Number of protein chains: 2
Amino acid sequence: MIKAESIKTGQELYKRAKTLIPGGTMLLSKRPEMFLPEQWPAYFSKSSGCQVWGIDGTHYLDMCSMGIGTNSLGYGNSRIDAEVRRVIDQGNMSSLNCPEEVYLAEKLVELHPWADMVRFARSGGEANAIAIRIARAASGRDKVAICGYHGWHDWYLSANLSEDEGLDGHLMPGLDPAGVPRHLKGSVIPFNYNDLGEITEIVKNNPDLGVIKMEVSRNFGPATGYLEGIRKLATDNNIVLIFDECSSGFRQTYGGLHKMYGVEPDMCMFGKALGNGYAITAVVGKRSVMEAAQKTFISSTFWTERIGPTAGLECLKVMGEIKSWDIITNIGLRVTKEWKAMGERCGLKLNTMGIPALTFFSIDSPDWLKYKTFITQEMLKKGILAFSGFYASVAHEDQYLARYFNELEEILDIVAQCERGEKKIENLLEGPVCHGGFKRLN
Amino acid sequence: MIKAESIKTGQELYKRAKTLIPGGTMLLSKRPEMFLPEQWPAYFSKSSGCQVWGIDGTHYLDMCSMGIGTNSLGYGNSRIDAEVRRVIDQGNMSSLNCPEEVYLAEKLVELHPWADMVRFARSGGEANAIAIRIARAASGRDKVAICGYHGWHDWYLSANLSEDEGLDGHLMPGLDPAGVPRHLKGSVIPFNYNDLGEITEIVKNNPDLGVIKMEVSRNFGPATGYLEGIRKLATDNNIVLIFDECSSGFRQTYGGLHKMYGVEPDMCMFGKALGNGYAITAVVGKRSVMEAAQKTFISSTFWTERIGPTAGLECLKVMGEIKSWDIITNIGLRVTKEWKAMGERCGLKLNTMGIPALTFFSIDSPDWLKYKTFITQEMLKKGILAFSGFYASVAHEDQYLARYFNELEEILDIVAQCERGEKKIENLLEGPVCHGGFKRLN
């Protein structure tokens with residue numbers, strides 16, 4: 001068997017990967033099957049701006065996820081990379097701590113005047129687990145109400161444990177809870193977004209509820225008074241309110257999306273866009289809550305490496321100078337608007353959702369997953385990585401958007417022919433249909 | 001208030017850090033109070049080989065922890081750094097996956113022929129939590145027996161939940177379990193190292209026990225037949241046996257310490273030394289166990305960044321070429337031997353423990369913590385970072401060891417004078433006594 005390092009194409013390497021790595025990838029959302037089974041390039045050799053090169057050298061335009069939302073400043077931002085190179089030159093690690101973590105903490109608190117203290121980690125799941133540990137310690141109560149996607153840890157997946165011990169449940173499809181201790185059943189209560197009555201009832205019926213964790217915005221934004229209502233509910237019942245901003249942070253404001261709505265949590269987490277592709281995540285909170293971290297044990301060697309906070313610090317500087325959240329919001333709005341216009345021109349029932357800089361569309365049809373696969377298949381032929389979503393970055397300049405719109409409309413036109421029964425989508429697909437992915441709780 | 005970035009000394013910056021970061025640091029073992037309260041330099045500006053510079057420019061020789069065990073090849077290994085720079089030039093992230101994770105997985109499996117598959121994370125706590133999730137999913141049983149230190153996550157700290165719900169327990173002093181759901185009480189059973197009878201009894205009394213997780217070596221190595229006995233016990237009872245090699249890996253063999261003892265686990269984890277200061281950790285296991293990861297949800301965006309696996313891959317190459325485990329074992333043996341000899345020459349009851357490349361000493365006296373503080377205080381005056389342990393790296397060349405031995409013996413001589421009642425240690429300390437740290441379960 002030849003060595004993996006000698007394999008020359010992405011799909012061949014992915015076949016090897018599946019024998020070496022359960023599931024093939026580290027992130028469900030980067031599985032080739034989520035895009036185009038048997039054809040997706042799977043691996044990259046180079047990335048720059050919004051350009052990506054496969055391991056066989058093929059060039060692609062990334063109109064897809066920009067690292068699943070990590071690179072809102074584009075791949076390889078020169079200023080951030082320069083800071084990371086400085087860290088490599090000067091040493092990424094030592095027996096002492098890196099000062100950059102203090103500078104970054106100070107900056108995050110400055111951007112969120114309601115907050116006083118910060119803990120850092122290197123993945124969003126960790127940041128979520130740290131926040132829950134601190135919030136439980138601060139409230140002295142174990143039960144948590146959740147709305148949204150908050151990672152892979154036991155505390156969260158326990159929401160998917162069913163009543164029947166023999167058959168684990170699927171409250172959130174795709175998040176299988178095998179291996180999550182059944183002891184945790186009932187410790188986490190999911191609630192629906194924009195239903196203030198429901199969460200009010202949950203709080204009333206669960207005096208042992210100490211924490212509410214939620215995303216600020218879901219497929220659609222908050223109804224009038226919803227976030228304010230949750231804030232009051234939490235305050236009145238001494239509940240720690242946590243906004244998970246791992247996905248939404250720095251995409252519509254200079255910090256958490258909650259700044260736009262003027263509602264302040266007790267804690268929030270940042271990830272994804274915070275380091276522009278370098279691993280850094282943060283838990284930001286009020287002193288009264290964060291100090292509870294002292295009553296528990298939250299500690300990891302690699303949280304002391306220096307690249308993460310250094311990249312985060314420079315990323316915040318660059319973002320602040322160019323107001324990247326405005327740029328990517330405008331780009332995202334443009335893409336969303338053009339999707340809708342194309343849908344109308346082609347006569348498709350096309351829906352859009354998400355925040356502007358992290359936008360998605362779907363077509364109202366039983367054949368949607370096939371259409372989605374077809375779109376990815378055809379765009380790939382034209383050298384464009386694309387699916388039914390778009391994560392905006394400042395690198396998505398006009399010329400790239402124009403090319404994307406141009407190519408996409410031709411494909412949507414064929415989809416419309418399928419919808420009208422003039423063509424059969426099954427005859428157009430050159431491989432298996434993409435996987436549906438996990439549905440987020442609405 | 002001046003900005004943190006303008007603060008010029010480590011202790012001043014640490015004072016600020018404690019207002020911004022609960023606990024002040026990300027890792028308990030890097031808290032300045034663990035070494036020399038109010039005097040430890042706390043932060044570094046530069047590190048290279050076994051040299052460290054504080055943020056005020058002061059130069060130190062690191063005879064201390066080398067990043068708490070991360071840098072067995074020294075700080076700033078030129079080959080690994082070159083590979084990381086290549087990744088920065090070519091892009092650290094994209095919407096596709098990085099091929100280096102497949103190459104690294106293949107290499108780790110090659111080094112551990114009993115293993116077939118790998119998952120990566122970016123911290124040791126994560127790797128431990130992933131291993132437990134997969135092992136529980138594979139065995140279908142929730143209960144876990146543990147021996148050793150395995151991170152900060154809920155699953156592990158639950159061992160410290162006491163019977164009395166109002167008063168959390170301290171089975172492992174220093175690991176406070178506030179915020180760990182009380183539902184988990186009883187899900188983890190600690191056992192003592194080198195007592196085969198005890199773990200046999202635990203397995204007999206707990207038919208719902210599915211996992212045994214342990215360190216291969218503790219303060220002292222395994223008794224004859226101990227590891228073999230545990231292996232047989234696990235096999236006979238369909239229990240998944242996990243060796244936590246986050247600390248011990250690549251320090252005495254080219255891979256897990258278990259290779260030296262010829263006992264194979266079903267899974268093991270690597271961290272610390274795997275990336276020589278860059279964040280990368282791994283869960284390595286048999287296919288039959290690892291495939292259970294497919295029944296559950298383990299996924300994180302930043303586990304797809306490219307620096308970690310790239311650094312890990314090059315680190316393994318460098319280690320293999322120079323046989324670093326032999327080099328650091330010999331250096332560690334030399335330090336341990338010299339400590340003993342100095343103890344004898346000074347007339348101190350000096351004990352040593354640990355594996356050669358990760359060695360510790362203590363002096364049998366009620367004043368030990370004061371002596372430890374004094375040693376750190378005096379060594380710091382001489383420009384040496386030191387405590388009661390030593391993490392060997394290939395950068396610890398003869399000249400540095402000679403200087404260290406020379407300086408240390410003078411200080412131990414004063415300690416001996418205190419022990420004989422000729423001097424009072426209290427009169428020699430210029431600040432508070434260091435914190436005791438958390439005791440690992442023996």
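Across peptide A:3-14, the mean count of Cβ atoms from other chains lying within 10 Å of each residue's own Cβ comes to 3. Summing +1 for each Lys or Arg and -1 for each Asp or Glu among the other residues whose beta-carbon sits under 11 angstrom from that of residue B:106 gives -2. Calculated mean residue ellipticity, 222 nm, the protein assembly as shown: -11500 deg cm²/dmol, from DSSP H runs (n ≥ 4) at -39500 (n - 2.57) each, averaged per residue and rounded to 500. Using a probe of 1.4 Å, the accessible surface attributed to residue A:313 totals some 20 Å² when neighbouring protein chains are kept in position. Look at the stretch A:180-187: the mean tally of other chain Cβ atoms within 10 Å of its residues' Cβ atoms is 6.
Look at the stretch A:134-140: the mean tally of other chain Cβ atoms within 10 Å of its residues' Cβ atoms is 3.
Across segment B:33-50, rounded Karplus estimates of 3J(HN,Hα) from the backbone phi angles (6.51 cos²θ - 1.76 cosθ + 1.60, θ = phi - 60°) give 5, 6, 10, 8, x, 6, 10, 4, x, 6, 10, 10, 9, 8, 9, 6, x, 10 Hz, Gly and Pro being marked x. Once C-alpha pairs closer than 8 Å and six or more residues apart are averaged by separation and normalised to the residue number of chain A, the relative contact order reads 22 percent. Here the calculated FRET efficiency for residue B:345 and residue B:287, from their Cβ-Cβ distance with R0 = 56 Å, stands at 0.55, rounded to the nearest 0.05. My understanding is that a pair violates if its Cα-Cα distance is over 22 Å; which of A:349/A:372; B:259/B:317; B:46/B:372 do that in this structure? Listed pairs above 22 Å: B:46/B:372. Positive-end ranking of A:365, A:277, A:304 along the dipole of segment A:275-409, with charges on Cβ about the Cα centre, is headed by A:304.
The angle between the Cα long axis of helix B:78-90 and the main principal axis of chain B comes to about 60°, on a 0 to 90 degree scale. For segment A:407-421, backbone phi angles converted through the Karplus equation (6.51, -1.76, 1.60; θ = phi - 60°) give residue-by-residue couplings of 5, 5, 4, 4, 6, 4, 5, 5, 4, 5, 5, 5, 4, 7, x Hz, Gly and Pro being listed as x. With a cut-off of 8 Å between alpha carbons and a minimum separation of six or more residues, what is the relative contact order of segment B:93-305 in percent? Relative CO of segment B:93-305 lands at 30 percent. Remark: segment B:285-302, residue by residue, has Karplus-estimated 3J(HN,Hα) of x, 6, 4, 4, 8, 4, 5, 5, 4, 6, 8, 9, 10, 9, 7, 8, 4, 6 Hz, where x stands for each Gly or Pro and the curve is 6.51 cos²θ - 1.76 cosθ + 1.60 at θ = phi - 60°.
Of all accessible surface on chain B at a 1.4 Å probe, what whole percent is carbon and sulfur? Roughly 49 percent, rounded to a whole number.
Sorting B:338, A:397, A:38, B:305 by solvent-accessible area of protein heavy atoms yields A:38, A:397, B:338, B:305, largest first, with a 1.4 Å probe.
A point 7 Å from Cα along Cα→Cβ stands in for residue B:201, and the other copies hold the same point at 5.2 nm, listed in rising order.
Report the FRET efficiency, 1/(1 + (r/R0)^6), for residue B:223 and residue A:58, where r is their Cβ-Cβ distance and R0 is 51 Å, rounded to 0.05. That pair, residue B:223 with residue A:58, gives E of 0.35.
With loop defined by DSSP as not H, G, I, E or B, and exposure as at most 15 other Cβ atoms within 10 Å, which is the longest segment of chain A clear of exposed trypsin sites (Lys or Arg not before Pro)? Segment A:9-322 is the longest. Can you bin segment B:222-337 into rounded, prolate or oblate? Criterion: square roots of the alpha carbon gyration tensor eigenvalues sorted a ≥ b ≥ c, rounded for a/c under 1.5, prolate for a/b above b/c, oblate for the rest. It is oblate, given that a/c is not under 1.5 and a/b is not larger than b/c. Note on chain A: with a GNM built from Cα contacts shorter than 10 Å, the maximum mean-square fluctuation among A:23, A:312, A:347 falls on A:23. Placing unit charges on the Cβ atoms only, positive for Lys and Arg and negative for Asp and Glu, gives segment B:93-305 a dipole magnitude near 320 debye about its Cα centre. Within segment B:93-305, antiparallel bridges make up roughly 35 percent of the DSSP beta bridges whose residues both belong there. Comparing A:53, B:184, B:417 along the charge dipole axis of the protein assembly as shown, the residue lying farthest to the positive side is A:53, per the Cβ-charge model. For residue B:97, nonlocal amide neighbours, meaning residues 5 or more places apart or on other chains whose placed amide H falls under 5 Å from its own, are A:43, A:44.
If both residues of a DSSP beta bridge must be in the protein assembly as shown, then about 60% of such bridges are antiparallel.
The values are calculated or read from the model by the stated rules, or taken from the named source; none is laboratory data. If you're wondering where the values come from, they're calculated on a predicted model, not measured in any experiment. Virtual Cβ from ideal backbone geometry, glycine too; neighbours counted across all protein chains shown. Calculation scope for accessible area: heavy atoms of the full protein, side chains included, ligands and nucleic acids excluded. Shrake-Rupley method; radii C 1.70, N 1.55, O 1.52, S 1.80 Å.
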